[in-house]
């Protein structure tokens, strides 16, 4: 059957081999720069993955974050996060001095302080840009700055202008800018001239990010590790995407959303969830064969080996909340692009590897769409217990074409979840897994390895047996998220303490270990 057909399960029939991976967002890597960066700690983490018999490193979205610091609310669907840039590389290239970056080392090593990072890192990035330019713009990788700008021009220029204008207007949302700043074409020449250096600076930050990310990906490839990336279905309202292409979204003449995305009231939330993301004009996207989405996915596949798409059910139907709205109670289900979207994607990317985030209460039509696409869905053990034997996330109900997790970035750690669960749920866990609950994190890990699902992904916090203090994100909590970091030495202790060897044994026992390869690649000294 050729790609592009609509027979059930034939569009994306890519997942066949059993394997395992670890979920760790790069901001959580250890180091002395106030936040995890694409430095030697990333490479040491890859060494650990290889030693543990893992095949995948799963990350959250890598885009530039704004208010709230969530990688699921980015200023661009295409750009990288400048906070992840390793300034140590700039020191080695004489673009910064050790003394200049030293203040970052005095930040909390275990929690990201985004406020302090904002104050300290952006001036350093700008200083590095000025010195790079003064030095004749030497290449930071295989590609020089000029070539990078040309290759990424479809999104880079508009993104850089958006960021420069946002800085110029004090961080205000783009619909609050003067009318002449609503597009690059309308900008008056004096403002163009004034902001030109700022635009180039933001282009440089992207150049540096992608040069470093490609080096990390190359190191991963040497070790047989693939990257599982992540993209949210919706973009942020205050983003370069909405600013540069307002006709693709449900926006008013003033640029503000007419209606926004969310989910209706349910068992977990009496008011539903008001996400605030602008909705797509799917009819407009369909007219040009979903060109914007194809470009977005092309960029994602250039960064990662597998792409997880958040909120898969939105392609079948999405909850449209008209504005103004105080909560998500008032809304209606509207049809998404459905199978037509995935047929178009499969024709453009016949070898695409996509994971569908299909968690939550799903309608029969969503389940049908998932089967028709052939995409693997997700299962989370923390959602499995406390009910009856029909729960779809219980191990005996899982499917081979799927990805299983003890928990995700939105969950508590397994130890934290178990400690806070009611006694009925804990009793269900103990009886089902035939354990006493004293090592619940590793009990879930072992169950994930033994599950029929072809990919098992383990949160790093569970491998370290950490509690709720290591939770990365609490949905609905407006601040304090995305801060957890590994301690210096945690990665090395996973190897020296025997955890990596134990995980490798589990991988081999469960048929998830990669095929034998040459001797392990050693990390470069940093």
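The values are calculated or read from the model by the stated rules, or taken from the named source; none is laboratory data. Values in this document were obtained by computation on a predicted structure and should not be read as measured data. All Cβ positions, even for glycine, are placed from backbone atoms using ideal geometry, and neighbour counts span all protein chains on display.
Would it be correct to say that residue 335 is in contact with a helix residue (DSSP H, G or I) (Cβ under 9 Å, 6 or more places away or on another chain), in contact (Cβ under 8 Å) with a residue 12 or more places away in the chain and either surrounded by fewer than 19 Cβ atoms within 10 Å (Cβ to Cβ) or over 22 Å from residue 452 (Cβ atoms) (or both)? Yes. The condition (being surrounded by fewer than 18 Cβ atoms within 10 Å (Cβ to Cβ) and either at pLDDT 95 or above or on the phi > 0 side of the Ramachandran plot (or both)) is satisfied by just one residue among 91, 101: 91. Only residues that are farther than 27 Å from residue 67 by Cβ and surrounded by 13 or more Cβ atoms within 10 Å (Cβ to Cβ) were counted in region 261-284, giving 2.
Filter region 461-491 down to the residues that are part of a helix (DSSP H, G or I) and surrounded by 14 or more Cβ atoms within 10 Å (Cβ to Cβ) and list them by number. Of everything in region 461-491, those that are part of a helix (DSSP H, G or I) and surrounded by 14 or more Cβ atoms within 10 Å (Cβ to Cβ) turn out to be 461, 462, 463, 468, 470, 490, 491. List the helices (runs of 4 or more DSSP H) that sit entirely inside region 31-128 and contain at least 3 residues that are closer than 30 Å to residue 261 by Cα and more than 18 Å from the chain's Cα centre (by Cα). Passing ranges: none, list empty. When residue 444 is tested against (1) buried (at least 23 other Cβ atoms within 10 Å of the Cβ); (2) in a loop (DSSP other than H, G, I, E, B), exactly one condition is not met: (2). The set of residues from region 371-394 being surrounded by 18 or more Cβ atoms within 10 Å (Cβ to Cβ) and either touching a helix residue (DSSP H, G or I) at 6+ places or on another chain (Cβ under 7 Å) or in a loop (DSSP other than H, G, I, E, B) (or both) comprises 372, 373, 374, 375, 376, 377, 381, 382, 384, 385, 393, 394.
Checking each residue in region 121-148 for being surrounded by 18 or more Cβ atoms within 10 Å (Cβ to Cβ) and in contact (Cβ under 8 Å) with a residue 40 or more places away in the chain picks out 121, 125, 128, 129, 132, 140, 145, 148.
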